[in-house]
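The values are calculated or read from the model by the stated rules, or taken from the named source; none is laboratory data. Given the structure is predicted, the values throughout are model-derived calculations rather than measurements. Note: ideal-geometry Cβ built from the backbone for every residue, glycine included; neighbour counts use all protein chains shown. Each accessible area value is taken on the protein alone, full model and side chains, heavy atoms only, with ligands, DNA and RNA left out. Shrake-Rupley method; radii C 1.70, N 1.55, O 1.52, S 1.80 Å.
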Amino acid sequence: MLPRLAHRLPFAVFWLAACLVWLPAAGQDIQAGAVVQTPQVRAELLAFAPQGVPLGADAVGASPVWLGLQLTHQPGWHTYWKNAGDSGIPTELAFTLPPGVQAGETAWPLPKKIPIGPLVNYGYEDTVLLPVPLTVTPEYRPGPLDDAMTVRLQASWLVCKVECLPQEGSFMLKLPLHGSTALAGAAFEAAFKAQPAPLAGQQSATLMDDGQRIRVRIEGLPAALRGQPLDVWAETPGVLLPAAQPVPPGQTPGPSTWSQRWDGAAWLADLPVSPERSLNPDHLPLLLLAGAQAWRADAQVQGGWPAPAAAEHALPTLSAAPPNASALPASPASPSGSFLLALLGALLGGMVLNLMPCVFPVLAIKVLGFARHAKDWRAHRASGLAYSCGVLLSFLALGALMLGLRAAGEQLGWGFQLQSPWVVAGLAALFTVIGLNLAGMFEFASFAPAGMAHLQARHPLLDALLSGVLAVAIASPCTAPYMGAAIGLAVALPAWQALAIFAALGLGMALPYLLASWLPQVARLLPRPGAWMQVFRQFMAFPMFATVAWLLWVLGQQSGIDGAASLLGLLVLLAMLLWALGLASRARWWLAGFALAALVLLAGAIGHNLFKTAEPGANADAAADAGQPARWQPWSPQVEQAALVQGKPVFVDFTAAWCVTCQYNKKTTLANAQVLRAFDARGVQTLRADWTRRDAAISAELQRLGRSGVPVYLLQAPGREPVLLSELPSVGEVLAALESVDLK
């Protein structure tokens, strides 16, 4: 007989609970309100309006209202200044304000110089406040019942220690219209005091040596500084060389060094221009530092800038727009034609999902249902509709969950549930139970309550609906061809369009079964019921056990060999418990009690191994030759940027252990000798971004590329537009991509 509804009802509850209680990764714990807390940074939106919010005529000439994002870093972590230096990304603030209220420029406090090996960055540690002035014009007219002005902020920052995590948060604050706001006055006063002092004297910058060096002359510095050596930082990123070192007085500076001297009251410096310069500024804001004091100069640039020589090596920031809309997916503001194409792609992607190996076990169970009701057309059609409703409702529920978390600032990806060891272990247990039931080890009717024993027969539609829920739960990690881009677009679309994309995915997945259930000619092709059904039922246990083996491998990628072995031991005791409960003798309860006690004790002893993080490099590809580094190096934004700066092309494989398509591509196209020779011939740096466990940096990069799931294959060459390959790339497609960007 078929598996009873009893084994599907607990799974449906488990699956929905897992979706609801799933928490974001450590690097992206985003909350609503005025405070966002992550393990590395506490970010809070503060306000300072000691005179209140000026209204009407009082707004003319009134002092600005100040807002500020205060970042409190954990020890060892830092974020970046407006000029991040050799690496990093500045903190970005985007305010949403009422009509008639305007935000000014961020008043950046003096940063710290942060040396990192041969590189130099500029940023902030401990606690920093980034103040922004708001100008309230007479055009701001609050409603008659309004007692506060609502301001919203979308902020993003890169926080680094050894690794770097892109983070963001949404903030909301209400400023009272009547009365002052000055509780954070001390923090704002400290930020104002940390501002560099402006200089009033003449300041100039002259280009020399065909634009490779720039000589500045600064007047107006305090007389007490004359004769003292100063440090100099550029506010504009990418113009000066941050890591340039000063040379002793009288020595001629080289390509990566600079010199300074005093000429009476004027300070002169000969500075190297960055080889990565991509801007031609007509003025150069500079900070001059003596100890903890700083002064700001704004030097007019004299002479013509040559064409940027090394702009081709520049790497877009994580928050930057894609360099070419044709190379990367379209922006959220898609026209109706693009939206219709996305719907069609989602429909096709959902249909292809039925061919994915992880969906086969559920469809095999449904084939048994076809055989049972081969002549009952009404039952056929009703089951098809109920199964389709289960699929559609599950896709819409997943879509609503993803959109809800998106609204909270979370970066998501398709298949995110299998990034949790809890879900992987739960699915492995579920499929073990289903497999043992199909194999005939036990029947639910032997120990289920009397009312539950015939629940499937009395409620076949509910059973079919829950089968659709089960199919979606295990199908979602398999990002089928044509589906990845559609989901990537859906995550960025307005809510109703995004839900339409998810509905199209569900319709595509349910369509083959729905058509088969409504077309009698399809049902006539099925064999008639008979003794073969029992053999077929037992045979279907093996796809279930194969799925368990795959899930064990996925858990091994996440938690290491100890985690996979621990889960396997627990599954053995679970099988023993089910076997004991199916016995008819008096020994049933003794053996069941023993198995249950052993299961509980073993879970307490080794269960924690399931949720450990595998040691870095434990699952890395072996090197092709002894003593040589692995071909596929772990991906990070810094590694990719370093390769591009060195002029190397980069091929990135965004993958995950739970993605069956990824593993197929890894063993076929990406292991093809012709492809590997082409990589070597062109000096391509091959990187692998492993998304088996949630990774904030990979999530951010996928979002930048307009994708929400894996596999994704990116080819990036210095000075060339990025190329995204299909989810199932052939050898010819990879070779053609290499030829198209002329990697030599």
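The figures follow:
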| quantity | calculated |
| --- | --- |
| Estimated vicinal HN-Hα couplings, Hz - the stretch 210-226 in sequence order (Karplus 6.51, -1.76, 1.60; Gly, Pro = x) | 6, x, 7, 9, 9, 10, 10, 10, 10, 10, x, 6, x, 4, 5, 8, 4 |
| The stretch 40-160 - percent of accessible surface contributed by carbon and sulfur, probe 1.4 Å | 51 |
| Residue order for Tyr664, Tyr80 - accessible surface, 1.4 angstrom probe, largest first | Tyr664, Tyr80 |
| Note, ³J(HN,Hα) from phi for the stretch 571-576, Karplus 6.51, -1.76, 1.60, rounded to Hz, x at Gly and Pro | 5, 4, 5, 5, 4, 4 |
| For Leu728, distant residues with modelled amide H under 5 Å away | none |
| Vicinal HN-Hα couplings computed from phi for the stretch 682-687 (Karplus, 6.51 cos²θ - 1.76 cosθ + 1.60; Hz; Gly/Pro x) | 9, x, 6, 7, 9, 10 |
| Met149 long-range amide H proximity, modeled H, under 5 Å | Leu175, Leu177 |
| Positive minus negative residues near Tyr122 (Lys, Arg vs Asp, Glu; Cβ under 12 Å) | -1 |
| For Leu286, residues with placed amide H under 5 Å, excluding near neighbours | Glu235, Ala297, Asp298, Ala299 |
| Cα gyration tensor, the stretch 55-131 - rounded (a/c under 1.5), prolate or oblate | prolate |
